Every structure is written in C-alpha cells, then in structure tokens.
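Participant: Let me begin by handing over the structure; questions about it come next.
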Amino acid sequence: MIESLEIENFQAHKYSVIEFHPGVNVITGTSDVGKSSILRALRWVIYNRPNGDDFKNWHCKKSDSVMVSVTFNDGYVAKERNKTNVYHLEEKDLEAVRSD
C-alpha cells in the first residue's frame, strides 16, 4: 500500500508531499493544478514512462533535478533525473542504462 508520495520539479509540482490514508483517497482541485501529474509521477517512477525531459516543471532551471519518491508500508522507491535516471531503492542507488 502506498503511504506517501513526494514530488519535486515534476510538471505542475515544484515541491509536493501527499500522505495517503488506508482506504479510498480522493484528490480534488481546479483545472490545471496538478491532479493528473500525480498519476504521471507514479507512472514515471514505477514504469519509467514518460521518457525525456518533457515532464520537468517549467519554473525550474535546466540544471535542477526532477525527483519522485513513493513510500510503501514496507519500503520506498525513488527516481531522480538530472542528466541520467537514478533509482533509489532502500540502501541502493541504481543508474538506468537504457529506457527499457
């Protein structure tokens, strides 16, 4: 079960932390505030999609890294992209070699 999600420099999110509760969670808001980018951030860290830099927040500098961290009830996984993709799994850091 997902406990929390931390998003930095990803689409509409400069920095956001979302804590989930057991059961059903509802995310609401007006148009263009980042609701769909929460789902895209989860997809990016879990499935490595989308590729490239199109998801980078438009307010950050080119040198700023993008980071999404998902905390589960039994651990966490994070993905960070600056020049390359790096996955952070518990005690290990893994650099992506290819997109697949």
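The values are calculated or read from the model by the stated rules, or taken from the named source; none is laboratory data. Remember, it's a predicted structure, so these values are computed and weren't measured experimentally. Neighbour counts run over all protein chains shown; Cβ positions are idealised from the backbone, glycine included. These accessible areas exclude ligands, DNA and RNA; they are computed on the full protein's heavy atoms, side chains included. Shrake-Rupley method; radii C 1.70, N 1.55, O 1.52, S 1.80 Å.
Participant: Can you tell me how many residues in region 24-41 are open to solvent by 30 Å² or more (accessible area, probe 1.4 Å) and either in contact (Cβ under 8 Å) with a residue 24 or more places away in the chain or farther than 18 Å from Met1 by Cα (or both)?
Facilitator: 9
Participant: Scan region 57-69 for residues that are open to solvent by less than 40 Å² (accessible area, probe 1.4 Å) and at pLDDT below 85 and report the count.
Facilitator: Number of matching residues: 2.
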